[in-house]
């Protein structure tokens, strides 16, 4: 359970971890500098990120809804230039292609997750992320969209 305080009111949320997320974060944090970029409001996202991090200091920075651009229809895109002007080393893993529509060659799609205990999507990404860390420009590989 994660406590979120919005407008002075405390609400407890049941939050579940996607299978293998702890292993995934531990492995990938050894390869990359991890940044959270969410379309959620900071008041909700911070407690969830803190819970996910578990005091390990995995995430160097956090970006929230105010760093996103609202698109027609209400979805949000993420301008990766706020993370770093050099996009050659930035990957965005997201379940919504709209999120990386401003920088499609930096996006790595992942299916959304709702409580499937047999989900292995994060494990499936590890070989891709392992190889990308040696690329001089991730966009040259991710832009192919063959994975």
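The values are calculated or read from the model by the stated rules, or taken from the named source; none is laboratory data. If you're wondering where the values come from, they're calculated on a predicted model, not measured in any experiment. When we count neighbours, we look across all protein chains shown, and the Cβ atoms used for this are built from the backbone with ideal geometry, even at glycine.
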Checklist entry - Taking the stated definitions as given, is residue 32 under 16 Å from the mean Cα position of the chain (by Cα) and in a loop (DSSP other than H, G, I, E, B)? => result yes
Checklist entry - List the pairs whose first member sits in the range 3-17 and is on the phi > 0 side of the Ramachandran plot and surrounded by 10 or more Cβ atoms within 10 Å (Cβ to Cβ), whose second member is part of a strand (DSSP E or B) and modelled with pLDDT of 90 or more, and whose Cβ atoms are under 7 Å apart, counting only residues at least 6 apart or on separate chains? => result none
Checklist outcome for this item: Only one of (1) modelled with pLDDT of 95 or more; (2) surrounded by 12 or more Cβ atoms within 10 Å (Cβ to Cβ) does not apply to residue 66, and that is (2)
Checklist entry - Within the range 34-42, can one find any residue that is in contact with a helix residue (DSSP H, G or I) (Cβ under 9 Å, 6 or more places away or on another chain), surrounded by fewer than 17 Cβ atoms within 10 Å (Cβ to Cβ) and under 23 Å from residue 134 (Cβ atoms)? => result yes
